[in-house]
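Student: Following this message is one structure expressed as structure tokens.
The values are calculated or read from the model by the stated rules, or taken from the named source; none is laboratory data. Values in this document were obtained by computation on a predicted structure and should not be read as measured data. All Cβ positions, glycine included, derive from the backbone under ideal geometry; neighbour counts span all protein chains shown. Areas reflect the complete protein model, heavy atoms only, side chains present, ligands, DNA and RNA absent. Shrake-Rupley method; radii C 1.70, N 1.55, O 1.52, S 1.80 Å.
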Amino acid sequence: MAGKLTFNVGEVRRLMEHTKAAKHRSPSYDDLFNPAYHKGGKVKKVNGWPDHDNIDRAAIPPALHLVKDHGIYVMSNGSPRQLIEGTDNSVVAYAIEANPGKLEFDEWWDAAGRIMGGDDCVVTLLIPMFEAATKDKKDGDTFRLKVTKKAISLLR
């Protein structure tokens, strides 16, 4: 598991604007277990699972979720979700290397597995990383993230 992901600056900017403007944000799987995002600073559980009603969605910071499932993409964690007009689908920005809308199945599937591993996943990446990536760039430009087993970082 390792590689580089390339994203369109304009697409990512729109996602950043959404999450920064949102009053509430959706938690990722990891966020569910973070006491800082629970009322009273304590994870309350129901049937062994974090109680969604105890999550303080306003405490979750603006971020983009890096998702590996049907391709690799980022999406806003802002709530309510940012939807493609007339659909129930979220607005996303696909990585060029794993975009099912532009690549053949074997090509994006192999790239997604090589870069992010075999399992579907969601990684929360805070907005300052994307602000640095898009600073002084035009909407049609791109930026790259480096993915390793241990970290995801901005390539300069």
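Student: Just a yes or no: is a residue in the range 27-42 under 12 Å from the mean Cα position of the chain (by Cα) and either over 23 Å from residue 130 (Cα atoms) or among the basic types (Lys, Arg) (or both)?
Tutor: No; the residues of the range 27-42 include none that is under 12 Å from the mean Cα position of the chain (by Cα) and either over 23 Å from residue 130 (Cα atoms) or among the basic types (Lys, Arg) (or both).
Student: Could you look through the range 147-156, keep only residues that are within 15 Å of the chain's Cα centre (by Cα) and among the hydrophobic types (A, V, I, L, M, F, W, C), and pick out the one that is surrounded by the fewest Cβ atoms within 10 Å (Cβ to Cβ)?
Tutor: So, considering only residues that are within 15 Å of the chain's Cα centre (by Cα) and among the hydrophobic types (A, V, I, L, M, F, W, C), the one surrounded by the fewest Cβ atoms within 10 Å (Cβ to Cβ) is 151.
Student: Further, regarding this structure: Within the group 85, 17, 11, 104, which residue is of a type in the set (Asp, Glu) and under 20 Å from residue 155 (Cα atoms)? First the steps, then the outcome.
Tutor: Values: 85 fails: under 20 Å from residue 155 (Cα atoms); 17 fails: under 20 Å from residue 155 (Cα atoms); 104 fails: under 20 Å from residue 155 (Cα atoms).
Answer to the check: 11.
Student: Can you pull out the residues in the range 119-146 that are surrounded by 12 or more Cβ atoms within 10 Å (Cβ to Cβ) and part of a loop (DSSP other than H, G, I, E, B)?
Tutor: 137, 139, 141, listed by residue number.
Student: Just one of 88, 51, 30, 69 is at pLDDT 95 or above, open to solvent by 60 Å² or more (accessible area, probe 1.4 Å) and among the charged types (D, E, K, R); which is it?
Tutor: 88
Student: Here's another thing I want to ask about it. Go through the range 52-77 and give me each residue that's outside any strand (DSSP E or B), free of Cβ contacts under 8 Å to residues at least 40 places away in the same chain and closer than 15 Å to residue 124 by Cβ.
Tutor: Matches in the range 52-77: 57, 59, 60.
Student: A further question on this structure: Being part of a helix (DSSP H, G or I) and either touching a helix residue (DSSP H, G or I) at 6+ places or on another chain (Cβ under 9 Å) or of a type outside the set (D, E, K, R) (or both) is the filter here; which residues of the range 24-51 pass it?
Tutor: Matches in the range 24-51: 29, 31, 32, 35, 36, 37, 39, 40, 41.
Student: Out of the residues in the range 87-134 meeting the condition of being within 16 Å of residue 75 (Cα to Cα) and charged (D, E, K, R), tell me which one is farthest from the chain's Cα centre (by Cα).
Tutor: 88
Student: Out of the range 43-83, which residues are β-branched (Val, Ile, Thr) and closer than 12 Å to residue 15 by Cα?
Tutor: If the condition is that a residue be β-branched (Val, Ile, Thr) and closer than 12 Å to residue 15 by Cα, then 74 is the only one that fits.
Quick grid of which residues meet (1) among the small types (Gly, Ala, Ser); (2) in contact with a Pro (Cβ under 9 Å, 6 or more places away or on another chain); (3) farther than 15 Å from residue 65 by Cα:
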position	(1), (2), (3)
9	no, no, yes
12	no, no, no
15	no, no, no
19	no, yes, no
40	yes, no, yes
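Student: Of 96, 115, 60, which residue is at pLDDT 95 or above, open to solvent by 50 Å² or more (accessible area, probe 1.4 Å) and closer than 28 Å to residue 135 by Cβ?
Tutor: From the options 96, 115, 60, the qualifying one is 96.
Student: I need every pair where a residue in the range 84-109 that is assigned to a loop (DSSP other than H, G, I, E, B) has its Cβ under 6 Å from the Cβ of a residue that is open to solvent by 100 Å² or more (accessible area, probe 1.4 Å), sequence separation at least 6 or different chains.
Tutor: Here the result reads 100/70, each pair linking the range 84-109 to a residue that is open to solvent by 100 Å² or more (accessible area, probe 1.4 Å).
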